[in-house]
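As structure tokens, the structure follows; a few thoughts come after it.
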Amino acid sequence: MTGYVRASKSLLRVCDLELYKACYCGVCHAIKKRYGFLASNILAYDFAFLAMLLVGEPLNICKKRCAPHPFKKRCVATENVAFDRAADANVLFFYWKLEDACIDSKGLKRLFYRLLKRFFKSHYVRASKFLPITAKKASRAMPDLWALEGKQVASIDAPADCFAQMLSALSECAEGEKKRILSEILYTVGRWIYIIDAVDDIKEDLAEKRYNPVVKRYELGVEGLTDEIKSELIQTLEHSLHRAQASLSLLDNTEVVPILENILTAGLPLIQKTVLQVDTTCNSKKFRKSSKGKVSITQ
């Protein structure tokens, strides 16, 4: 359920775009330093967003080479605990994603995910030590989420709340008033992610006969979403975004705030528009979440 939280790069100032890329690279380098080179391949833009939320001091930017860019040094945000915590969170959520995939998949795919899960087990244990509250809450929320899915509940809010609670727990990285603000931002963004992911997966879930809260809530078939259903989904998605935007306005004015504002007011609405505008029936277009954070519509 990661890959959706991105900025609208075309609307960022050049300096902010470079800073955004530096934060993304900063999380990547933090993952590689803490969990090894192979683990850095799990990076998603969502956790660059988390790192920027956690930043509370001016960033230290330096230039480094890396495996994907061996010939030209790139700007990297370093020496900041926010990027370490974002790296830990990326590992935790990737592990839970593997657990979810083990349940949903069959045959060789399930075997592959089980092997990958075993490989990441030690990383998960290590990350849990740095984010104990998040790990504890997730250990309760994930079974609740699976139980709701097992019961095939015709509700969007109940499973979305489980996932949002997990994301909200990452506010443990902050203190005082900032912790309360981050909890609200992460909860509302988590709810938005769960719903938009469900919409994006309608075609695939219908084909595989898997549980999908949007399909169950509106009793969808191969005809996909109607304009009326899309209107209802847009209303609930925008409600979450407006709450997140209101909470962001309460944060201290750091150098990354313009990027965070761009993500919540331009990036997420653009992805929302893209996902809801494509045809969700079988053999149709689908939003693709690439590890490089590119948004594309493919046949």
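The values are calculated or read from the model by the stated rules, or taken from the named source; none is laboratory data. Being a predicted model, the structure only gives us computed values, none of them experimental. Please note: Cβ atoms are built from the backbone with ideal geometry, for glycine as well, and neighbour counts cover all protein chains shown. Remember, those area values only see protein heavy atoms, side chains included, never the ligands or the DNA or RNA. Shrake-Rupley method; radii C 1.70, N 1.55, O 1.52, S 1.80 Å.
Summary table below
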{"item": "Three-way shape label, segment 1-89, alpha-carbon gyration tensor, a/c 1.5", "result": "rounded"}
{"item": "Shape call, segment 191-280: gyration tensor on alpha carbons, a/c limit 1.5", "result": "prolate"}
{"item": "Alpha-carbon centroids, segment 164-184 and segment 39-62: separation in whole Å", "result": "16 Å"}
{"item": "Virtual spin-label span in nm between ILE133 and ARG210, 7 Å along Cα→Cβ", "result": "3.2 nm"}
{"item": "Value of relative contact order over segment 1-159, rounded to a whole percent, pairs C-alpha under 8 Å and six or more apart", "result": "20 percent"}
{"item": "Net charge dipole size for segment 179-250 [Lys, Arg +1 and Asp, Glu -1 on Cβ; Debye, nearest 20]", "result": "480 debye"}
{"item": "Total formal charge among the other residues, if their Cβ is under 15 angstrom from that of ARG180, Lys/Arg +1 and Asp/Glu -1", "result": "-2"}
{"item": "Between segment 125-153 and segment 236-255, the alpha-carbon center distance in angstrom", "result": "25 Å"}
{"item": "Under-5 Å amide H pairs with ARG74, H placed in peptide plane, nonlocal only", "result": "LYS64, ARG65"}
{"item": "For the chain, calculated [θ]222 nm from helices alone, where every DSSP H run of n ≥ 4 adds -39500 (n - 2.57)", "result": "-20500 deg cm²/dmol"}
{"item": "Accessible area of the chain divided out per residue, in Å², using a probe of 1.4 angstrom", "result": "49 Å²"}
{"item": "Options ILE31, LEU17, LEU54, ranked by Cα towards positive dipole end of segment 6-56, top entry (Cβ charges)", "result": "ILE31"}
{"item": "Charged-residue dipole, Cβ positions (Lys, Arg, Asp, Glu), segment 91-196 about Cα centre, Debye nearest 20", "result": "620 debye"}
{"item": "Residue-count net charge about ARG243 - beta-carbon cut-off 12 Å; Lys, Arg +1, Asp, Glu -1", "result": "-1"}
{"item": "Sequence ranges 109-116, 200-207, 65-72, ranked by mean other-Cβ count within 10 angstrom, highest first", "result": "200-207, 109-116, 65-72"}
{"item": "Segment 115-213 shape via C-alpha gyration tensor axes, a/c threshold 1.5", "result": "oblate"}
{"item": "Binned Cα-Cα distances of the chain, short to long, each 10 Å bin given as a whole percent", "result": "6, 27, 37, 23, 6, 0"}
{"item": "Spin-label pair HIS242/GLN152, simplified geometry with 7 Å Cα→Cβ offset, distance in nm", "result": "3.5 nm"}
{"item": "Amide H contacts under 5 Å for ALA44, placed H, 5+ residues apart", "result": "none"}
{"item": "Surface share of carbon and sulfur [accessible, 1.4 angstrom probe, percent] for the chain", "result": "53 percent"}
{"item": "Probe 1.4 Å - accessible area at VAL222, Å² to nearest ten", "result": "110 Å²"}
{"item": "Dipole magnitude (debye, nearest 20) for segment 1-117, charges at Cβ of Lys, Arg, Asp, Glu", "result": "600 debye"}
{"item": "Amide proton proximity set for GLU255, modelled H, under 5 Å, gap of 5+", "result": "none"}
{"item": "Where only C-alpha atoms are counted, convex hull volume of segment 24-172 per residue in Å³", "result": "116 Å³"}
{"item": "Computed accessible area, THR265, all protein chains, 1.4 angstrom probe, square angstrom", "result": "80 Å²"}
